[in-house]
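Here's the structure we're looking at; comments come further down.
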Amino acid sequence: MWSDNDTRRDFLNFRCVADTAAELIIQAEGTPLSMGVSGGWGVGKSSMLNLINDAIADRDDDGKYLFVEFNAWLYQGYDDARAALLEQIAAALIERASDNETGLEKAKGLLKRVNWLRVAGLTVGSGVAMAFGLPPIGLVGAGLSAVKDMTDGNVTTEDVEGAAEAGRDLAAAGAGLINPESGKTPPAQIEALRKHFKETLEELDTTLVVLIDDLDRCLPGTAISTLEAVRLFLFLPRTAFIIAADDKMIRQAVRVHFKNVDLDDELVTNYFDKLIQIPLRVPPLGTQEVRAYLMLLHVDKAGLGEDEVERVRGAVCDRLSESWKGKRADLAFMLDLLPECPPDLRRNLELSDRLAPLLASAMHVAGNPRLIKRFLNTLWIRLAVARAQGVAVDESTLAKVLLFERCASESAYQRLVSEVNNSDNGCPSFLAEGEASARAGQPIPSLGRDWDTPFVKDWLALEPALAQSDLRAVVYVSRETMPIITPADAMSTEALGLLEALLSMTSSSTALKDRLQALPGRDHQLMVERMLVRARQEQKWGKPSVLFAFLALIEAAPEMSKTFVDFMQDVDVKRLTAAIVPLLGDKPWAEPLLRGWKDADETSGPVKKAIGRLKAFE
């Protein structure tokens, strides 16, 4: 199994982005800086934070950087995010100041202000934030008139106090928690907090690097209050904030948080840009990166030893950095790195080499590292289930079917499973033409609306071919997503026995007619469905045994003739032989079918002649 958590090991050559971010912070030389690491769910934002942290630490020869990791999601619903952030920073500063008496007192004084912030944070809101440079779009309700006074470009102390009026009483009521100086307004208290924080960092000669993660998991209010805390209370010299979040989620949080204010796209962008100075995006993965990632995940689990794994990892990342030159981190490259590659690892590397293009391009995976891990974990679990129950399953076949389950439409996957369940030998033979055409690079015959997609085309070309493979074991170990249900499960015992007898017929017979007539209509329909599965496997239509089965059943249940005729009308007339004509010639329900064959240009001469000799066509 592969852990779904973030990592400090670079399997994707993200170090180039991490090194760039680290250099920007180092070169800022204490100037306050906010950086956003953006990207969707599972792309590696948390891992990027770890790599940036390590890249700064590697450059910190004097030990002047203090790292604080903050996850706002952990505090949601339990604490005020702004106060929790400040408390965590103060605690880290206290630990840093253990051998600096003056710095220790200042850090402890900073911690004492947290309780006041918890009270004031309930009421002051964005009105005070405007006094410190945040966009004037957050204050609503009773403070709306104060907002108008503060948007003329000349913010005064009176304006700030007016904007905070709604929160002043509650802040005063909670003043006993920290005993602030009498008469100071919330803005004054906040300014005092900022000053105290600045002096603490100066005394400790420390640059604070705060790494904020999982902000896009938070409710809009928590996300916005955390970001406002960064700009309002903490954005001072000797600070750097690196915030991992999906920027689309944060922009939406701005809209939701300020739902009573008419926001256009420009205001949302301005607010976001005020909070995040430097936007960085986690690079999306292409086929090269996905292939390397898959292979390194398997190398990491192959028991090669830590030093050997690190050697291979470093070589793969170096190779990825040259991918723009046409260099490939592919199977051949990996086998050169591992000349004595264990057989199991080699098989996994070969499988990774084949799967990578589809995992990179398929819409439901799209090269997402977390989804790739989940794919591999699901594959591992199903292989473990198979081993535990003594079921022999080919790993490559299971992986190909799992990929289809993950990326194809639900109805397409249902059809695949249904074809396997209904087939006598468990083979999805309906895939044969599509797989052959896909491997030859030719247009693929239509398999249905849900199958005519680029993914299915690429999937059909992927080895191994499945049309002649018994997939019943694969379906069995995959049954947590699709139960194994065959027509035989719904048939009565009598019907099942008669079906076996029908499918073994080699000539016309009415011996089973009475017993077939005694069956309910549902059994007739289920029998036809099973017979159609056998019929789809026939390549030549002369006197196949399944034809005799149909004729016997239709004799007992004439209403089943329509299903058979509909099926035969779709059979390529080139697959007909003259031997089938006499068997259908005396059946009134078959006349439209025979007439269509006679009129078709591609019907062979012998078949047309045989039809022409029938009494109805003379």
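Read-outs throughout are calculated quantities, based only on the coordinates presented, and are distinct from any laboratory measurement. Treat the numbers as computed from the prediction; the structure is a model and nothing was measured. Reconstructed Cβ throughout: ideal geometry from the backbone, glycine too, with neighbour counts over all protein chains shown.
Counting only residues 5 or more places away or on other chains, whose amide H sits under 5 Å from the amide H of T7 once H atoms are built in the peptide plane?
Here the answer is S47, since their amide H atoms fall under 5 Å of that of T7.
About its Cα centre, what dipole magnitude does segment 283-362 give when the only charges are +1 on Lys and Arg Cβ and -1 on Asp and Glu Cβ, stated in debye to the nearest 20?
Numbers: 11 positive and 14 negative charges, 73 e Å.
In total the dipole reaches around 360 debye.
Ordered by packing density, taken as the mean number of other Cβ atoms within 10 Å over each peptide's residues, highest first, how do 434-445, 492-503 rank? Could the numbers behind the result be given before it?
On the way: 434-445: 14.2, 492-503: 16.3.
For the peptides 434-445, 492-503, the packing ranking is 492-503, 434-445.
Projecting each Cα onto the charge dipole of segment 352-407 (Lys/Arg +1, Asp/Glu -1 at the beta carbon, about the Cα centre), which of N368, V391, P357 comes out farthest on the positive side?
The residue sitting most towards the positive pole is N368.
Which shape class applies to segment 403-447: rounded if a/c is under 1.5, otherwise prolate when a/b exceeds b/c and oblate if not, where a ≥ b ≥ c are the square roots of the Cα gyration tensor eigenvalues?
Details: a/c = 2.38, a/b = 1.32, b/c = 1.80.
Verdict is oblate for segment 403-447.
Given a Förster distance of 51 Å, report the FRET efficiency between Q442 and T269 from their Cβ-Cβ distance, rounded to the nearest 0.05. List each step's numbers first, then the result.
Working: r = 49 Å, r/R0 = 0.96.
Using R0 = 51 Å, I get an efficiency of 0.55.
Which of Y413, Y271 comes first, and how do the rest follow, when ranked by fewest Cβ neighbours within 10 Å? It would help to have the intermediate numbers written out before the result.
Details: Y413 19, Y271 25.
So the residues, fewest neighbours to most, are Y413, Y271.
Of the listed peptides 189-202, 302-315, what is their order by residue-averaged count of other C-beta atoms within 10 Å, with the highest listed first? Intermediate results must be reported in sequence, preceding the final value.
On the way: 189-202: 18.8, 302-315: 13.8.
Descending mean neighbour count gives 189-202, 302-315.
Decide, for segment 287-403, between rounded, prolate and oblate: order the square roots of the alpha carbon gyration tensor eigenvalues as a ≥ b ≥ c, take rounded if a/c falls under 1.5, and otherwise choose prolate if a/b is larger than b/c, else oblate. Each step should come with its number before you reach the end.
Working: a/c = 2.09, a/b = 1.33, b/c = 1.57.
The shape class here is oblate.
Calculate the spin-label point distance for E101 paired with A388, positioning each point 7 Å from the Cα along the beta-carbon direction, and give it in nanometres.
Here the answer is 6.3 nm between the modelled labels.
Among 220-233, 48-61, 570-583, 509-522, how do they line up from the highest to the lowest mean number of other beta-carbon atoms within 10 Å?
Numbers: 220-233: 22.6, 48-61: 18.9, 570-583: 15.6, 509-522: 13.4.
Per-residue Cβ counts within 10 Å, averaged per peptide and sorted highest first, yield 220-233, 48-61, 570-583, 509-522.
List the lysines whose alpha-carbon lies under 20 Å from that of K609, not counting same-chain residues fewer than 8 positions away?
Hits, sequence-local ones excluded: K540, K543, K574, K587, K598.
Could you tell me whether segment 423-574 comes out rounded, prolate or oblate from its Cα gyration tensor? Rule is a ≥ b ≥ c as square roots of the eigenvalues, rounded for a/c under 1.5, then prolate if a/b exceeds b/c, otherwise oblate.
On the way: a/c = 2.42, a/b = 1.64, b/c = 1.48.
It comes out prolate by the Cα gyration axes.
So between Q569 and Q525, what do we pick up on full extension, going 0.36 nm a residue minus the alpha carbon distance? Could you put the intermediate results ahead of the total?
Values: separation 44, 0.36 × 44 = 15.84 nm, distance 1.90 nm.
Gain in length upon complete extension: 13.9 nm.
Using +1 at the C-beta of Lys and Arg and -1 at the C-beta of Asp and Glu, which of A436, S411, L466 has the Cα lying farthest in the positive direction of the dipole of segment 287-477?
S411
At a Förster distance of 41 Å, what's the computed FRET efficiency of R347 paired with R59, Cβ-Cβ distance as r, to 0.05? Write down the numbers at each step before the final one.
Working: r = 41 Å, r/R0 = 1.01.
Here the calculated transfer efficiency is 0.50.
With charges only on Cβ, +1 for K and R and -1 for D and E, what is the dipole size of segment 287-477 about its Cα centre, in debye, rounded to 20?
Working: 23 positive and 27 negative charges, 75 e Å.
With only Lys, Arg, Asp and Glu charged at Cβ, the dipole is about 360 debye.
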